[in-house]
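S.K.: Sharing a structure with you now.
The values are calculated or read from the model by the stated rules, or taken from the named source; none is laboratory data. Fair warning: this is a prediction, and the values are worked out from it, not measured in the lab. Don't worry about glycine lacking a Cβ; one is built from the backbone with ideal geometry, like all the others, and counts go over all protein chains shown. When the accessible area is computed, the model is the full protein with side chains, heavy atoms only, and any ligands, DNA or RNA have been set aside. Shrake-Rupley method; radii C 1.70, N 1.55, O 1.52, S 1.80 Å.
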There are 2 protein chains.
Amino acid sequence: MPMDPRHAILFEPVTVGCKTLPNRFYQVPHASGFGSSRPRSQAAFRGMRAEGGWGGVCVEYAAISPDSDETPECSADFWDDGHAAALALTAEAIHAGGALAGLELFHGGAASVNGTSRLPRLAPSQVASELQYGGLAKELTAEDIARIQRDWAEAARRARDAGFDIVYVYGAHGYLLTQFFSPVLNRRTDGYGGSVAGRGRFWLETLATVREEVGGDCAIATRIALHGDSGVAGGGGLPGIEADEMLELIAMAADLVDLFDVTVGTWPENSGTSRYYPEGHELPWIRRVREATAKPVVATGRFSSPDLMARLVADGVIDLVGSARQGIADPFLPRKVAQGRYDEIRECTGSNICILREESFHHIGCVQNATAGEEFRRGWHPESFPAAANPEEPVLVVGAGPAGLECAVVLGRRGYTSVHLVAAEPAAGGRLSWIRGLPTLGDWGRILDYRLVQLGKLGVQVITGQRLSTADVLGYGARVVVAATGSAWRADGVQPGIPEPMPGAQAGPPFVLTPEDLCVRGLRPAGKRAVVYDTDGYFMAPALAELLAKEGYQATIVTTYPVLSPVSDQTLEGGMLRAHLHQAGVKVVYATTVTGIDPGSAVYGADRDGEPWRAACEGIVLVTQQVSRDELYLDLTRDQAALGGAGIAAVYRIGDCVAPRMISEAIFDGHRLARELGTEDPSMPLPYQREPAGLA
Amino acid sequence: MPMDPRHAILFEPVTVGCKTLPNRFYQVPHASGFGSSRPRSQAAFRGMRAEGGWGGVCVEYAAISPDSDETPECSADFWDDGHAAALALTAEAIHAGGALAGLELFHGGAASVNGTSRLPRLAPSQVASELQYGGLAKELTAEDIARIQRDWAEAARRARDAGFDIVYVYGAHGYLLTQFFSPVLNRRTDGYGGSVAGRGRFWLETLATVREEVGGDCAIATRIALHGDSGVAGGGGLPGIEADEMLELIAMAADLVDLFDVTVGTWPENSGTSRYYPEGHELPWIRRVREATAKPVVATGRFSSPDLMARLVADGVIDLVGSARQGIADPFLPRKVAQGRYDEIRECTGSNICILREESFHHIGCVQNATAGEEFRRGWHPESFPAAANPEEPVLVVGAGPAGLECAVVLGRRGYTSVHLVAAEPAAGGRLSWIRGLPTLGDWGRILDYRLVQLGKLGVQVITGQRLSTADVLGYGARVVVAATGSAWRADGVQPGIPEPMPGAQAGPPFVLTPEDLCVRGLRPAGKRAVVYDTDGYFMAPALAELLAKEGYQATIVTTYPVLSPVSDQTLEGGMLRAHLHQAGVKVVYATTVTGIDPGSAVYGADRDGEPWRAACEGIVLVTQQVSRDELYLDLTRDQAALGGAGIAAVYRIGDCVAPRMISEAIFDGHRLARELGTEDPSMPLPYQREPAGLA
């Protein structure tokens, strides 16, 4: 099918300063976890986006000096020629794909802990802030200011010499330029504070210095943030900065800037997840930038719809379609649009697993794209797969949850012609088929939808409503069997640190319920007061509590953690999730362990000080632990003779039936096995390449 | 002064298996933050301990395979020849110092998140535990067990080939061997669970496999933990393992082991800080090991007293004096004992800054020894200093807190003959002089005591009770001035995110108090109900609340954090601190912000949901933010002509008067300046060496 002609506008070249981008698809800077210390992984990751058709591809934030040391965050460093040599590989890889390469130079100011460099933090003023946990900052002197601007210019020169086309003066997300612009964090009286011009002076001077140094050779971009409306705490955002003031600054900076990279609000809002923000929620703010400048503008909005992208360009809202997360989920989106392969676009789910991995100091990953971050490490390509050596070999995948679906898709792409994916339930999807029905979790269904469409196109047979026994599998006629039978929530209350069943849990429904009881079997507590007990710490307990609250229950989450859903802080959802639940009337009991149940009347346990705790209720939902459904795999592998007799050469298992884990990791596991099927021992992953590999 | 003859026993050689240690000083494995990815830093760090006289020096825990991937923890990896080549440098450096080199091979089991390798976690059973936050583990199959044992033997072979003399089978601290031995975490029924022999089988088999592989070439050590009595949560300790069972296992393992490395309890107990554990608190358990084996035993106890060390050996409690923290604080302790330089031993303060740095994923540091971890990075040696080029140049250090003291000591060691250290207070020590008087913080005084003794020996003039004005400094006759004037707690209630003074704070004492009001000026709240408001998150607020509670006040800590003193979790003190405060009757209000004070009656603010909060009280202590006392420095540097006229060539500043921070970082800053005085621009640190430096 040909490209929709309305989308042609996306393929127009765009001039930014002295450079011209080949099209309007632009990968804004975002973290990869590779920084400058894993240069080959970085180059392969960014190069893949260029290969996929993005006209501009940027590297993540790169520190101009050692007093902007973000360790243990996996940012890049760009203090000297060593770092420049490392990142030159990336500029080269981006150019090889036909794109322009951008480098986001920054100084973290008070946000940089400087734990490795052991230098004092720096800030416009010595004002305590959430950025300064563990130590206050040094108030910058005039000499410090001049030195930082010099460092920035020198870093820009190194960037140019390393091959970068676009050089950033990064001012969003609470780093040093924002700290100067914030009337909360900047209390200076020396000409670098006070009015908009005063608070903006450091920013403008830095732009001028960088332009003077490399303006003839590079496009100069600046990343700014307009204040959104979420008011969500956390993330070191824009304390006290109003949109009108930022527009004033943009107008003042316009002559110094070739490209305005516009974000909105603090981190949780800027990287808003699908649970709490729709696609393009930033647009009301982005539209205002035109009030201040006619210079090219790029902005993100978790855009996955080419229609919306084209309309925003046609309407003059943006010049470049910015993307971070959608480009992680599908590096080849531009080429797929150009070729009219719309139904092959892997849409970002907006679940921020990419950010969770960075927040836990790991390299990037993606729930939709298992190859993200594995380009160099494992040599994986998102659109290219090793052809099956024995394509006719019949493969049976038992279980159509995330791991099974992904496995079947990859087998299909590899050319296996006889793949059967069999689900016990009436519909494919595994746990996702009901998780997507929970409040706020609808967009996670994209994981399922994308794969079902591909399976259809690839001719993989999807069979539902068939619960295969061991005998069924033996008689199925498969040569290779992959067990992807998932996991279930425990109903017995076994929880971290307490391996014995919880007294009273055996009463079962309606007083004692599991997530599946609620969502698959449709059971509910007997009365209005419902406790959801959470030792899991992620989305399940809050989503179930919200479900119950919406249905009129008085829902109380009892959590062993001191905060509600700590994992959600790693996806940047914590603040929104808590405000949302509070608004929904859900009560929370913190740092409390439930140790027993009096069926019909109450639950009891101990608070964080070990003092007894008790609450009357008419039901408890146990979100304590999942357990693998591994019976089929263990049964099959127990009797090798039977397998041989059935013509089954190998049985593998993937996903939660190996170990219950995040959906992204289950998908990774299914992908990995499918890609490596046919190697010597696919049950063990092939080794991956490390950086450094040895004595570097 | 000669060595005390009682200490000669410490210098006897000890045979462990096929190897002989030159003396009884033994650096047990402990984290450095260098792992295998910073091999030169690792080698220099460990090599320094050998140079300092330790007869055995071990490297931190090194994973035998990628499914024991501890990232982002800075452990070592030892999966293959690349890792072996990296760590061979360390074996070489240890040998160069005349010591034997040990490598602590381990598998983390369920404790390893495997975020980089993206393999499933592994465990004896699929039991949720505090180790499994973010995902359950795969229950190991018989094949998995055999494979891990093979991996262990292969890693041992690589260790031998890389030059290591002692190879560990590491079983303490909650890793895989402990998980197998724990009746809580191990629910197996296949011969690897159940009885002591069953739960210990994996451990014993692994020992046998390793011994078979390298037993003729290396000593085989195993690290075990006896259950202590703290019962403190956290750290993944010894769920359900009783000391008697561990002694049974030791007896069963004795033939397979050349050295028992014995620790006690969970992490917080094993690395017990001076706030909650005395030196040698583990001894009652350590003594019991002899019930089970006659093989050599090494144990730690934060031993800093050579008398105690010698007595324990003489009494047959231990064969080797184990040390981690004391060897970080003073790598040259053995040589100092041998030379009778007892008053030069830098005693460990037991404040666990070393661990805090590791817990925040940074390389090691030490409050007592600023050179720890900087051996390769900056080429620093703890006992050797560059001689001053102009030793007669008079240097005036203004302020005798941690930074000023350290600066003066280093200047003295460099040979500066005219150093004056001037304190405004009646005694040297700065904030430490009153912090050491707070409940549980007495041993932190070692920071001060050590430096005062050295200053006396070095002939540095320490002058107290003189508050120098700018004019005084100009007229002092110094050529170089170092401002080390520290910081003070704000009395106006300015706090993170709220840069304006807190309404009502201007009332001042006795209703509104600072830490200095309590501890220096001796002021107290007007009535019994005292609120301590904490946005700092470390030791100050809890210590003041305990002080007040002990004096009979009803003390309540209101903290903006969801837990009390989150920084104390990074020093492993959190659990003990909270239990201690609870026992002392201190109440805690969590996740609450105080926004105003009604002097004489109450404080008010908002809880974590933004709901109004109020508490009646007779006083509030503000532990919100420190601010630099930088007036002297700014005044002096404002008038360069006056400086020139006074013959002052340079003015520098160090420590908290630059930026308020941890004591360890203030000391580092003072050390750094003193060491680099005489370089081109000592106000900026010399660059340090990175690994990798560029495109590795």
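S.K.: Mind listing whichever residues of the range B:519-548 are open to solvent by 20 Å² or more (accessible area, probe 1.4 Å) and part of a helix (DSSP H, G or I)?
M.R.: B:CYS519, B:LEU547
S.K.: Does A:ALA505 count as open to solvent by less than 10 Å² (accessible area, probe 1.4 Å), more than 22 Å from A:SER433 (Cβ to Cβ), in contact with a Leu (Cβ under 9 Å, 6 or more places away or on another chain) and among the small types (Gly, Ala, Ser)?
M.R.: yes
S.K.: Can you confirm whether the range A:386-393 contains a residue that is closer than 23 Å to A:PHE303 by Cα, part of a loop (DSSP other than H, G, I, E, B) and open to solvent by 50 Å² or more (accessible area, probe 1.4 Å)?
M.R.: Scanning the range A:386-393 turns up no residue that is closer than 23 Å to A:PHE303 by Cα, part of a loop (DSSP other than H, G, I, E, B) and open to solvent by 50 Å² or more (accessible area, probe 1.4 Å).
S.K.: Only one of (1) more than 9 Å from chain B (Cβ to nearest Cβ); (2) in contact with a helix residue (DSSP H, G or I) (Cβ under 8 Å, 6 or more places away or on another chain); (3) modelled with pLDDT of 95 or more fails for A:ASP69. Which number is that?
M.R.: (2) is the only condition that A:ASP69 fails.
S.K.: Considering only residues that are within 14 Å of chain B (Cβ to nearest Cβ), of a type outside the set (Val, Ile, Thr) and in a loop (DSSP other than H, G, I, E, B), which ones fall in the range A:492-518?
M.R.: Once the filter is applied, which keeps residues that are within 14 Å of chain B (Cβ to nearest Cβ), of a type outside the set (Val, Ile, Thr) and in a loop (DSSP other than H, G, I, E, B), the range A:492-518 yields A:ASP492, A:GLY493, A:PRO496, A:GLY497, A:PRO499, A:GLU500, A:PRO501, A:MET502.
S.K.: If you don't mind, another one. Please go through (1) within 14 Å of chain A (Cβ to nearest Cβ); (2) touching a residue at least 60 places away in the same chain (Cβ under 8 Å); (3) of a type in the set (Ser, Thr, Tyr) for B:TYR590 and return the number of the only condition it doesn't satisfy.
M.R.: Result: B:TYR590 passes all but (2).
S.K.: Identify, by number, the condition in (1) over 28 Å from B:THR485 (Cβ atoms); (2) charged (D, E, K, R); (3) buried (at least 24 other Cβ atoms within 10 Å of the Cβ) that B:GLU406 doesn't meet.
M.R.: Going through the list (1) over 28 Å from B:THR485 (Cβ atoms); (2) charged (D, E, K, R); (3) buried (at least 24 other Cβ atoms within 10 Å of the Cβ), B:GLU406 breaks only (1).
S.K.: Report yes if some residue within the range B:607-615 is open to solvent by less than 40 Å² (accessible area, probe 1.4 Å) and either in contact with a His (Cβ under 8 Å, 6 or more places away or on another chain) or in the same structural domain as B:THR535 (by TED's automatic domain parsing) (or both); otherwise report no.
M.R.: Yes.
S.K.: Please specify each residue of the range A:72-86 satisfying the condition of being in a loop (DSSP other than H, G, I, E, B) and at the interface with chain B (Cβ under 10 Å from one of its Cβ atoms).
M.R.: Residues satisfying the conditions are A:PRO72, A:GLU73, A:CYS74, A:TRP79, A:ASP80.
S.K.: Is there a residue being under 30 Å from A:LEU564 (Cα atoms), assigned to a helix (DSSP H, G or I), open to solvent by 10 Å² or more (accessible area, probe 1.4 Å) and in contact (Cβ under 8 Å) with a residue 12 or more places away in the chain anywhere in the range B:562-571?
M.R.: yes
S.K.: Just to check your reading of the model, which residue among B:ALA197, B:ALA221, B:ALA172, B:ALA159 is open to solvent by 10 Å² or more (accessible area, probe 1.4 Å) and assigned by TED's automatic domain parsing to the domain that holds B:LEU247?
M.R.: B:ALA197
S.K.: Moving on. Looking only at residues in the range B:14-54 that are open to solvent by 20 Å² or more (accessible area, probe 1.4 Å) and under 20 Å from B:LYS336 (Cβ atoms), which one is nearest to the other protein chains (Cβ to nearest Cβ)?
M.R.: B:GLU51
S.K.: Here is a follow-up. Taking the criterion of being of a type outside the set (Phe, Trp, Tyr) and either under 21 Å from the mean Cα position of the chain (by Cα) or not assigned by TED's automatic domain parsing to the domain that holds B:GLY198 (or both), would at least one residue in the range B:285-299 satisfy it?
M.R.: Scanning the range B:285-299, I find at least one residue that is of a type outside the set (Phe, Trp, Tyr) and either under 21 Å from the mean Cα position of the chain (by Cα) or not assigned by TED's automatic domain parsing to the domain that holds B:GLY198 (or both), so the answer is yes.
S.K.: Also: Regarding the range A:311-318, can at least one residue be identified that is in a helix (DSSP H, G or I), open to solvent by less than 20 Å² (accessible area, probe 1.4 Å) and modelled with pLDDT of 95 or more?
M.R.: Yes; the residues of the range A:311-318 include at least one that is in a helix (DSSP H, G or I), open to solvent by less than 20 Å² (accessible area, probe 1.4 Å) and modelled with pLDDT of 95 or more.
S.K.: Pick out the one residue from B:GLY191, B:GLY236 that is on the phi > 0 side of the Ramachandran plot, in contact with a helix residue (DSSP H, G or I) (Cβ under 7 Å, 6 or more places away or on another chain), at pLDDT below 95 and of a type in the set (Gly, Ala, Ser).
M.R.: Step by step, each of B:GLY191, B:GLY236 is checked, and only B:GLY236 is on the phi > 0 side of the Ramachandran plot, in contact with a helix residue (DSSP H, G or I) (Cβ under 7 Å, 6 or more places away or on another chain), at pLDDT below 95 and of a type in the set (Gly, Ala, Ser).
S.K.: Please go through the range B:106-127 and pick out each residue that is facing another protein chain (nearest Cβ under 7 Å) and hydroxyl-bearing (Ser, Thr, Tyr).
M.R.: B:THR116
S.K.: Among (1) under 30 Å from A:ARG638 (Cα atoms); (2) crowded, with 18+ Cβ neighbours inside 10 Å, there is one condition A:THR440 misses while meeting the rest; what is its number?
M.R.: Of (1) under 30 Å from A:ARG638 (Cα atoms); (2) crowded, with 18+ Cβ neighbours inside 10 Å, only one is false for A:THR440: (1).
Every residue, every condition in (1) at pLDDT below 95; (2) touching a helix residue (DSSP H, G or I) at 6+ places or on another chain (Cβ under 7 Å); (3) under 30 Å from B:GLU631 (Cα atoms); (4) of a type in the set (Ser, Thr, Tyr), yes or no:
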residue	(1), (2), (3), (4)
B:ASN352	no, no, no, no
B:GLU358	yes, no, no, no
B:ARG378	no, no, no, no
B:PRO391	no, no, yes, no
B:ALA423	no, no, yes, no
B:ALA427	no, yes, yes, no
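S.K.: On the given criteria, is B:GLY272 within 22 Å of B:GLU347 (Cα to Cα), in the same structural domain as B:GLY171 (by TED's automatic domain parsing), open to solvent by less than 10 Å² (accessible area, probe 1.4 Å) and not hydrophobic (A, V, I, L, M, F, W, C)?
M.R.: Taking the combined requirement at face value, the residue satisfies it.
S.K.: Inspect the range A:404-425 for any residue being under 19 Å from A:ASP343 (Cα atoms), more than 27 Å from the chain's Cα centre (by Cα) and of a type in the set (A, V, I, L, M) and give the result as yes or no.
M.R.: Within the range A:404-425, not a single residue is under 19 Å from A:ASP343 (Cα atoms), more than 27 Å from the chain's Cα centre (by Cα) and of a type in the set (A, V, I, L, M).
S.K.: Just to be sure before I move on: is B:THR556 surrounded by 17 or more Cβ atoms within 10 Å (Cβ to Cβ), of a type in the set (S, T, N, Q) and over 26 Å from B:LEU356 (Cα atoms) in the structure I sent?
M.R.: yes
S.K.: Also, quick follow-up: Filter the range A:84-111 down to residues that are open to solvent by 10 Å² or more (accessible area, probe 1.4 Å), of a type outside the set (Gly, Ala, Ser) and more than 19 Å from A:VAL298 (Cα to Cα), then give me how many there are.
M.R.: Qualifying residue count, the range A:84-111: 3.
S.K.: Hey, another quick one. Between B:ALA530, B:ALA545, B:ALA549, B:ALA541, which is touching a Leu at 6+ places or on another chain (Cβ under 9 Å) and farther than 28 Å from B:GLY497 by Cα?
M.R.: B:ALA549
S.K.: From (1) buried (at least 20 other Cβ atoms within 10 Å of the Cβ); (2) away from chain A (no Cβ under 14 Å); (3) farther than 30 Å from A:ASP190 by Cα, pick out the condition that doesn't hold for B:LEU632.
M.R.: (3)
S.K.: If you scan the range A:284-300, which residues turn out to be surrounded by fewer than 19 Cβ atoms within 10 Å (Cβ to Cβ) and closer than 21 Å to A:ALA324 by Cα?
M.R.: A:PRO284, A:ARG287
S.K.: If you don't mind, there's one more thing I want to ask. Applying the selection to the range A:648-696, what residues are closer than 19 Å to A:PHE385 by Cα, touching an Asp or Glu at 6+ places or on another chain (Cβ under 8 Å), open to solvent by 20 Å² or more (accessible area, probe 1.4 Å) and more than 9 Å from chain B (Cβ to nearest Cβ)?
M.R.: A:LEU686
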